[in-house]
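**Student:** Pasting a structure here, questions to come.
The values are calculated or read from the model by the stated rules, or taken from the named source; none is laboratory data. The shown structure was predicted, so the numbers you read here are calculated from the model rather than taken from an experiment. When we count neighbours, we look across all protein chains shown, and the Cβ atoms used for this are built from the backbone with ideal geometry, even at glycine. Heavy atoms of the whole protein, side chains included, go into the accessibility calculation; ligands, DNA and RNA do not. Shrake-Rupley method; radii C 1.70, N 1.55, O 1.52, S 1.80 Å.
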Protein chains: 4
Amino acid sequence: MEALVLTGKKQLEIKNIDKPEVKPNEVLIHTAFAGICGTDHALYAGLPGSADAVPPIVLGHENSGVVAEVGSAVTNLKVGDRVSVDPNIYCGQCKYCHTDRPELCENLSAVGVTRDGGFEEYFTAPASVVYPIPDNVDLKSASIVEPISCAVHGIKLLKVSPYQKALVIGDGFMGELFVQILQAYGIHQVDLAGIVDEKLKMNKEQFGVKNTYNTKNGDKIPASTYDVVIEAVGMPQTQESAIESAARGGQVLMFGVGGPDAKFEMNTYEVFQKELTIQGSFINPNAFEDSLALLSSGKLNVKPLMSHELDFNQVDDFVNGRLGVVSKAVVKVGGEEA
Amino acid sequence: MEALVLTGKKQLEIKNIDKPEVKPNEVLIHTAFAGICGTDHALYAGLPGSADAVPPIVLGHENSGVVAEVGSAVTNLKVGDRVSVDPNIYCGQCKYCHTDRPELCENLSAVGVTRDGGFEEYFTAPASVVYPIPDNVDLKSASIVEPISCAVHGIKLLKVSPYQKALVIGDGFMGELFVQILQAYGIHQVDLAGIVDEKLKMNKEQFGVKNTYNTKNGDKIPASTYDVVIEAVGMPQTQESAIESAARGGQVLMFGVGGPDAKFEMNTYEVFQKELTIQGSFINPNAFEDSLALLSSGKLNVKPLMSHELDFNQVDDFVNGRLGVVSKAVVKVGGEEA
Amino acid sequence: MEALVLTGKKQLEIKNIDKPEVKPNEVLIHTAFAGICGTDHALYAGLPGSADAVPPIVLGHENSGVVAEVGSAVTNLKVGDRVSVDPNIYCGQCKYCHTDRPELCENLSAVGVTRDGGFEEYFTAPASVVYPIPDNVDLKSASIVEPISCAVHGIKLLKVSPYQKALVIGDGFMGELFVQILQAYGIHQVDLAGIVDEKLKMNKEQFGVKNTYNTKNGDKIPASTYDVVIEAVGMPQTQESAIESAARGGQVLMFGVGGPDAKFEMNTYEVFQKELTIQGSFINPNAFEDSLALLSSGKLNVKPLMSHELDFNQVDDFVNGRLGVVSKAVVKVGGEEA
Amino acid sequence: MEALVLTGKKQLEIKNIDKPEVKPNEVLIHTAFAGICGTDHALYAGLPGSADAVPPIVLGHENSGVVAEVGSAVTNLKVGDRVSVDPNIYCGQCKYCHTDRPELCENLSAVGVTRDGGFEEYFTAPASVVYPIPDNVDLKSASIVEPISCAVHGIKLLKVSPYQKALVIGDGFMGELFVQILQAYGIHQVDLAGIVDEKLKMNKEQFGVKNTYNTKNGDKIPASTYDVVIEAVGMPQTQESAIESAARGGQVLMFGVGGPDAKFEMNTYEVFQKELTIQGSFINPNAFEDSLALLSSGKLNVKPLMSHELDFNQVDDFVNGRLGVVSKAVVKVGGEEA
Ligand SMILES: NC(=O)c1ccc[n+]([C@@H]2O[C@H](COP(=O)([O-])OP(=O)(O)OC[C@H]3O[C@@H](n4cnc5c(N)ncnc54)[C@H](OP(=O)(O)O)[C@@H]3O)[C@@H](O)[C@H]2O)c1
Ligand SMILES: NC(=O)c1ccc[n+]([C@@H]2O[C@H](COP(=O)([O-])OP(=O)(O)OC[C@H]3O[C@@H](n4cnc5c(N)ncnc54)[C@H](OP(=O)(O)O)[C@@H]3O)[C@@H](O)[C@H]2O)c1
Ligand SMILES: NC(=O)c1ccc[n+]([C@@H]2O[C@H](COP(=O)([O-])OP(=O)(O)OC[C@H]3O[C@@H](n4cnc5c(N)ncnc54)[C@H](OP(=O)(O)O)[C@@H]3O)[C@@H](O)[C@H]2O)c1
Ligand SMILES: NC(=O)c1ccc[n+]([C@@H]2O[C@H](COP(=O)([O-])OP(=O)(O)OC[C@H]3O[C@@H](n4cnc5c(N)ncnc54)[C@H](OP(=O)(O)O)[C@@H]3O)[C@@H](O)[C@H]2O)c1
Ligand SMILES: [Zn+2]
Ligand SMILES: [Zn+2]
Ligand SMILES: [Zn+2]
Ligand SMILES: [Zn+2]
């Protein structure tokens, strides 16, 4: 079968490799779509994602497809099931797995990072990370449940309530997901700060955003205003701006991932006097079912955010930044009929 | 000014009485609309509501209006503010008020129950129970924030998540509110059981309900199916049916108010094996701001549920059940221009 | 090696069987102590526990021991580790496993129920259910972390706070555990209702209980008094008494397991007016680390509650009720030196 | 009656003033003890506490005493009640009071700050902030329920569990309270970092601390180690050290109050990768009943921490730092017999 293999640092090759064999607790999946994101840039460049990717390896950690074969110990899936795959595999043995915080697992492995992922016609995954999808959810949307579930996990770390006013900082794909998901959880007002006018406009016109700030154009975010602030960029200045814009009693989700040596500053008195919560968020435990439900109920509409549909040949362009502004790209492997 | 006074058991009279005086911590409100509900039936008939109503008294505990005068100690309201009034006044001194459960206050008093309410042109209330409303919320909808906030309180007692399937039992006004509010909090599927075909149909066509059951017509609610069940009737058979329809891990909100001597049965083994939560719900603490936010964001649309707009003369018909099927009636006192 | 094998309904035989082989994700444990409880009565008699036990099988689902061998995929354990074993094995694939409620797993299996347990010199278990114990916790106490963790799970389902007054109904082993654990979680007053004077006395004198009620002797539990009530018997009359003794705002944990056809009654009005929470509790997810910490810190002292230390020959006496009053019996297999 | 009056900036005078009059919702209290803390230093020097103190005023915001008179609207107190007084008075009208976050009240006033406090023989307070104390709690301990309740509030903002390892940074009075209270809430291991050897030693020998670090003497706190970290100093270096010592999944309570212009730094990547929670804590809502319960049950023993008992004449020495090392000083106004 055809596969896009990372054969070395910054080396991607389309190759013909063997279909993988299924272990007792695994399923074989005929790939439909495989999302592609910033982590893939990093892995391509030889940098670690949630873990190291050691070539030769097939990337692709945001996947959907159709079950083609099930291992002997699999109980909840059958051939023909349309599925979305959570890349993250928890060890079940460490202190974090034992205290209901599996995302912090000491032995995390991942489909598309430490084992072959979705940039190939068929891939395998343990049944425990494979989720059947509702009939009314398409396989393209289902390929990006992984990033959706990261946002859902972040929101579940906060206390959200309809009376709150929320601000999302960052008009990238994650910021746009938060815009919709915050509303789906009941929050009555969501504002958006970003740097791309078209994005801000689209979110105001189509996705219920009330106020937008283009900070590149000099818009100022009002200070001490928001009950919930989502930082979805990962730069010190946006992190400090997130804290500053938080109202007394505010909760700031530090969702963006910054450089390992970058630092941001907090005012010693402000954290007390505003009684702030600053909350980190790491990947996506226990969030796939909620994410699929948001898609199924129509509260979350991701199709308009999926800007590019690539084939294997174009992945190289993507990871080298030759595709221009990409909101969200997916690789069409088998497609809906997969 | 004109007032509808309960002058004795089952005696309502339209009278001309003095405008009330404002104490330092109170405001005077020019009444716009005053909702009317089952509690008013009870008070009219000399039965207790959340407390006893001792005639002569002006009923009306679901009120909206415009601030006409503010007491000297009032800080957060001014003349002209459009407001909704929470009837419940907590003492602040008892053990429940001291442990963040004010709804269980040992010295509860209430506007429209223990002191004059909204069935008069002007009424007073302590500033602490008076809520300014958003510009885009109309005064008619604002008059029924009290029942809305009871439903919101009930939902806040549960753990709700998009993946859950919910069932509402009861197609009265409260049941209909729950249908919308459960979805506003993110739940992806809400089903409705009731006894009136038109109601069931309307909720399916207009308010996102997926499956309906007319139990009067013999429809059976499937057993062990729902993650969240709202009982909004208050009869033993619907309470038992609520428990039966709950899935393993299910939460059942016992929202309906039953007769003082009625009893329902639970299976000793089922509560363990399903790991059920059976949760009572009492009035509406800390829920007005959320309720107003739900109205303001449009997630909750109550206008289609408000079937009757009465004047003082018709209240007698209402409390004597001469108006036919009433989903929700409000008394138009001053109206939007109030 | 020696094993006590359930060879058929009500047939226990001491046999010499092969040491089990270790699979990649498993460890072999040299058994120290194996607790024995009501579930073993049931399994012996051919009734289901959390699942069915199909003879020939070695019972024993409350186990401690020393790791004797580790499989190739085991990361967090090594030979010589002193351990306690959680019997419950979750499938990881079902909707309950996927929504953070593994205790409700649709494919639950268990050491000592569906696979050989601790009534033998060596037994195996998946590494994911094997917990290293702190140095200052003895292997005898470690053998009963399973029942401790059931109580801990129950308490985690409630909202506990120091100001609360708690009542435990049931002076059996579980009731006695709750007496100590409620205090360990901060609750300032715990009362105990039971039927055995010596037990009540011991808990008052040694374990901080304030008031006791011997309901067999006619003591009446005061009504509407307790913020937290733990029902640890499982009979309709104690369940109804639990609800009756709950104060307004009270939480009742229905921990006792009743007969499949028994029913208890609740007052329709009381659940509303008291705003009660009735909470079922099922086994022990994510509770082993907390339980071990309670033992290690000395907040929980179980040695005085462990009344009997048996050898294989006496198990038959136990399951046939020939040992008299047993608070908690453990089978000494290898003992501390295991 | 005798009173210690702040007559101007840094001017304290013992004066004979009139006994205050009781308003309908107030009680008159015969002062027993009045605690004295860092806030009093600030107010004495003309700096703001939770609010501004405008001379002439009687300070003293940590008070106990005996009810001497009750206003006409008071329902839950009577003459002779032994009481502890929460200084903080919430307006009940603002958006924070309306959304269950009264500590952030926009119109906060306080006994001993904006109105006369306990440094006088008799003072008044609204009945809503006056708490009867259990019989077995002495009036001296009861005078410091205010700081205790600040610590309790802080802990209630976290998720605490027995399995966690906690570190307290700061061996002042608040740090010492946290040492005991964390254990009272079930946490199995508490370590303490400070700068005074005797304090560290006392907390290890008497109050269950396991490891201590004297950072002044060069002890290093291990990095990435603690599940819960309480910062109870308020300086940038201790705040940064708090974050550094937090394990993955760690929660850091920023309890110390820093200078208005001080700043501390956080690593952009660490907040994500450790999935940290940084939580501010502001005063003490809804925490008096829990605090009194902790004293009553003996889980919290504050007498050994109360180093000084002063009379009015010595307050001047205290606020000018002439008393040497003070762990906790109280002014004995009426004393136990009060
Ligand atoms: N916590 C988690 O589990 C998790 C999971 C997924 C992603 N993340 C992180 O979340 C962040 C967002 O992810 P993404 O996929 O949306 O990445 P992205 O598409 O690169 O989005 C970042 C966006 O922020 C914009 N931006 C740059 N400077 C800004 C500023 N000053 N103010 C507002 N917006 C600004 C960027 O614009 P330009 O593109 O024009 O620069 C970009 O559109 C990343 O840091 C990612 O690593 C975290
Ligand atoms: N917990 C609280 O704080 C709180 C607050 C407000 C209200 N409540 C309670 O909530 C309940 C509902 O209030 P509501 O204002 O909606 O009253 P309602 O209008 O009388 O609604 C009850 C509805 O249930 C219907 N019903 C009767 N039998 C039924 C059955 N077997 N299955 C399904 N539906 C059935 C009734 O139909 P018919 O009218 O045709 O009989 C009616 O439409 C009442 O018990 C009320 O006291 C509680
Ligand atoms: N939810 C869970 O996950 C879970 C886990 C473990 C156990 N359980 C259940 O918890 C319950 C207690 O377990 P256990 O091991 O402690 O069993 P147990 O030792 O049999 O305890 C039950 C105790 O209650 C006493 N009792 C009987 N009638 C009573 C009454 N009217 N009032 C007060 N006490 C009365 C019994 O006395 P006599 O022995 O003299 O009759 C016995 O001491 C059982 O139902 C068990 O199945 C539940
Ligand atoms: N959040 C709230 O609601 C709230 C309420 C009450 C208090 N607080 C704050 O909590 C903090 C502690 O209060 P407190 O009453 O305990 O004050 P305190 O008695 O002054 O305690 C601070 C202690 O930290 C010690 N310290 C100084 N540098 C240190 C270091 N590098 N490492 C460890 N310890 C160090 C101080 O020692 P020396 O005295 O020798 O310098 C002092 O003993 C203060 O910032 C206070 O404002 C907050
Ligand atoms: Zn792990
Ligand atoms: Zn009260
Ligand atoms: Zn499962
Ligand atoms: Zn306020």
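**Student:** Each residue of the stretch C:321-338 in turn: what ³J(HN,Hα) in whole Hz from Karplus with 6.51, -1.76, 1.60 and θ = phi - 60°, glycine and Pro shown as x?
**Tutor:** 3J(HN,Hα) across the stretch C:321-338, in whole Hz: x, 9, 9, x, 5, 10, 7, 8, 10, 10, 8, 7, 8, x, x, 3, 6, 2.
**Student:** Hey, got the average number of other protein chain Cβ atoms within 10 angstrom for residues in C:180-187?
**Tutor:** Working: counts 0, 2, 0, 4, 7, 6, 13, 3.
Whole-number average of other-chain Cβ neighbours for C:180-187 is 4.
**Student:** Let me ask you something else. Quick one: accessible area per residue over the protein assembly as shown, 1.4 Å probe, rounded to a whole number of Å²? Present the calculation step by step, with values, prior to reporting the outcome.
**Tutor:** On the way: 47710 Å² over 1352 residues.
Accessible area per residue: 35 Å².
**Student:** To continue, here is another question. Placing +1 at every Lys and Arg Cβ and -1 at every Asp and Glu Cβ, with all other atoms neutral, what dipole size does the stretch A:158-280 have around its Cα centre, in debye to the nearest 20?
**Tutor:** Details: 11 positive and 15 negative charges, 55 e Å.
Charge dipole, the stretch A:158-280, about its Cα centre: 260 debye, nearest 20.
**Student:** Let me ask something else about it. When DSSP beta bridges are limited to those with both residues in the protein assembly as shown, what percentage is antiparallel, rounded to the nearest 5? Please report the intermediate quantities before stating the final value.
**Tutor:** On the way: 156 of 256 bridges.
DSSP beta bridges in the protein assembly as shown are roughly 60 percent antiparallel.
**Student:** Given the -39500 (n - 2.57) contribution per DSSP H run of 4+ residues, what per-residue ellipticity at 222 nm results for chain A, rounded to the nearest 500 deg cm²/dmol? Each step should come with its number before you reach the end.
**Tutor:** Values: 9 runs with 78 residues, N = 338.
Counting only the DSSP helices, I get -6500 deg cm²/dmol.
**Student:** Considering the rotational relationship between chains C and B, which residue of chain C contributes the beta-carbon of minimal distance to the axis, and what is that distance to the nearest Å?
**Tutor:** Here the nearest residue and distance are C:278, 2.
**Student:** Just want to confirm a number: the relative contact order over chain D, from Cα pairs under 8 angstrom separated by 6+ residues, in percent.
**Tutor:** Details: 804 pairs, mean separation 63.4, N = 338.
Dividing the mean separation by the residue count of chain D yields 19 percent.
**Student:** Separate question: Restricting to bridges with both residues inside chain D, how much of the DSSP beta-bridge set is antiparallel, in percent to the nearest 5? Each step should come with its number before you reach the end.
**Tutor:** Working: 35 of 60 bridges.
Beta bridges within chain D, antiparallel portion: roughly 60 percent.
**Student:** Ok, one more. How many Cβ atoms of partner chains, on average, are near each residue of B:103-111 if near means within 10 Å of its Cβ? Mind showing how you got there, number by number?
**Tutor:** Values: counts 3, 6, 1, 3, 2, 0, 0, 0, 0.
For peptide B:103-111, the averaged partner shielding equals 2.
**Student:** Place a +1 charge on the Cβ of each Lys and Arg in chain C and a -1 charge on the Cβ of each Asp and Glu, then give the dipole magnitude about the Cα centre in debye, rounded to the nearest 20.
**Tutor:** Values: 28 positive and 43 negative charges, 151 e Å.
Roughly 720 debye for chain C.
**Student:** At what distance in nm do the modelled label points of residue B:325 and residue C:198 sit from each other, each positioned 7 Å from its Cα along Cα→Cβ?
**Tutor:** Computed distance between label sites residue B:325 and residue C:198 equals 6.8 nm.
**Student:** At a 1.4 Å probe radius, carbon and sulfur cover how many percent of the accessible area of the protein assembly as shown?
**Tutor:** Working: 22380 of 47710 Å².
Answer for the protein assembly as shown is 47 percent, counting heavy atoms of protein chains only.
**Student:** Calculate the length of the line joining the C-alpha centroid of the stretch C:1-17 to that of the stretch B:22-58, in whole Å.
**Tutor:** After rounding, the separation between the Cα centres reads 74 Å.
**Student:** Also: Once you've got the GNM for chain C with C-alpha springs shorter than 10 Å, pick whichever of C:257, C:67, C:85 has the biggest mean-square fluctuation.
**Tutor:** Result for chain C, Cα springs under 10 Å: C:257 fluctuates most.
**Student:** Positive end of the charge dipole of chain C (Lys, Arg +1 and Asp, Glu -1 on Cβ, about the Cα centre): tell me which of C:325, C:122, C:91 has its Cα farthest that way.
**Tutor:** Value computed over the given set: C:325.
**Student:** For the stretch C:47-60, take each phi angle, set θ = phi - 60°, evaluate the Karplus expression 6.51 cos²θ - 1.76 cosθ + 1.60, and give the result in whole Hz per residue in order, putting x for glycine and proline.
**Tutor:** Result, rounded to whole Hz: 8, x, x, 5, 8, 8, 9, 9, x, x, 8, 9, 6, x.
**Student:** Of C:295, C:4, C:334, which is farthest on the positive side of the dipole of chain C, counting Cα position, with +1 on Lys and Arg Cβ, -1 on Asp and Glu Cβ, and the Cα centre as origin?
**Tutor:** Looking along the dipole axis, the top candidate is C:295.
**Student:** Output ³J(HN,Hα) for the stretch B:172-181: one whole-Hz value per residue in order, computed from phi by the Karplus curve 6.51 cos²θ - 1.76 cosθ + 1.60 with θ = phi - 60°, and x for Gly and Pro.
**Tutor:** x, 4, 5, x, 5, 4, 4, 3, 6, 5
**Student:** Taking the Cβ-Cβ separation of residue C:219 and residue A:106 as r and a Förster radius of 56 Å, what is the calculated FRET efficiency to the nearest 0.05?
**Tutor:** With a Förster radius of 56 Å, E is 0.60.
**Student:** Consider a paramagnetic label point 7 Å from the Cα of residue B:11 along Cα→Cβ; state which residues of the stretch B:20-46 have an amide N under 19 Å from it.
**Tutor:** B:41-46
**Student:** Now, a different point. Placing the label point 7 Å from Cα along the Cα-to-Cβ direction, what are the distances from residue A:223 to the equivalent spots in the other copies, shortest first, in nm to one decimal?
**Tutor:** Distances to the matching label points in the other copies: 3.4, 5.9, 6.4 nm.
**Student:** Rounded, prolate or oblate: which one fits the stretch C:158-280, using the alpha carbon gyration tensor with axes a ≥ b ≥ c (rounded when a/c is under 1.5, else prolate when a/b beats b/c, else oblate)? Could you put the intermediate results ahead of the total?
**Tutor:** Working: a/c = 1.64, a/b = 1.22, b/c = 1.35.
Since a/c reaches 1.5 but b/c is at least a/b, the shape of the stretch C:158-280 is classed as oblate.
**Student:** Could you state how much accessible area is buried at the A-B interface, both sides summed, with a 1.4 Å probe, in Å² to the nearest 100?
**Tutor:** Numbers: alone 15210 and 15200 Å², together 29220 Å².
In total, chains A and B hide about 1200 Å² from solvent.
**Student:** Given springs between every Cα pair under 10 Å in a Gaussian network model of chain B, which of B:264, B:255, B:119 has the largest fluctuation?
**Tutor:** Result: B:264 has the largest fluctuation of those listed.
**Student:** Pull up all non-local amide H partners of residue C:168: gap of 5 or more, or a different chain, and H-to-H distance under 5 Å with H placed in the peptide plane.
**Tutor:** It is C:191, C:192, C:193, C:230, by chain and number.
**Student:** Then there is this: Test of understanding: extend the Cα→C-beta vector of residue C:157 to 7 Å, then name every residue of the stretch C:267-302 with backbone N under 11 Å from that spot.
**Tutor:** Answer for the stretch C:267-302: C:278-285.
**Student:** Past 27 Å, Cα to Cα: identify those pairs from A:78/A:156; A:156/D:165; C:332/D:165; D:210/D:274, in the order given.
**Tutor:** On the way: A:78/A:156 31 Å; A:156/D:165 24 Å; C:332/D:165 32 Å; D:210/D:274 24 Å.
Pairs exceeding the cut-off: A:78/A:156; C:332/D:165.
**Student:** Between the stretch B:122-142 and the stretch D:279-338, how many Å separate their Cα centres?
**Tutor:** Here the two parts' Cα centres lie 43 Å apart.
**Student:** Same structure again: Rounded, prolate or oblate: pick one for the protein assembly as shown, where a ≥ b ≥ c are the square roots of the eigenvalues of its C-alpha gyration tensor, a/c under 1.5 means rounded, and failing that, prolate if a/b is larger than b/c, else oblate.
**Tutor:** Values: a/c = 1.32, a/b = 1.21, b/c = 1.09.
Taking the square roots of the gyration eigenvalues as a ≥ b ≥ c, the protein assembly as shown is rounded.
**Student:** Now, a different point. Build a GNM of chain D with springs between Cα atoms under 10 Å: which of D:236, D:55, D:126 gets the top mean-square fluctuation?
**Tutor:** Taking springs between Cα atoms under 10 Å, the residue moving most is D:236.
**Student:** Taking amide H positions as placed in the peptide plane 1.01 Å from N, state which residues far from residue D:280 in sequence (5 or more) or on other chains have amide H under 5 Å from it.
**Tutor:** Here A:276, A:277, A:278, D:254 satisfy the definition.
**Student:** Between copies, how far apart are the residue A:9 label points? List them in nm, one decimal, shortest first, with each point 7 Å from Cα toward Cβ, please?
**Tutor:** Distances between equivalent label points, in nm: 6.4, 7.0, 9.2.
**Student:** Given label points at 7 Å from Cα along Cα→Cβ, what nm distances, shortest first, separate residue A:135 from the same residue in every other copy?
**Tutor:** Residue A:135 label point versus its equivalents elsewhere: 4.6, 6.2, 6.9 nm.
**Student:** How would the stretch A:1-157 be classified by its alpha-carbon gyration tensor: rounded, prolate or oblate, with rounded meaning a/c under 1.5 and the a/b versus b/c comparison settling the rest?
**Tutor:** Working: a/c = 1.35, a/b = 1.05, b/c = 1.29.
Here the stretch A:1-157 falls in the rounded category.
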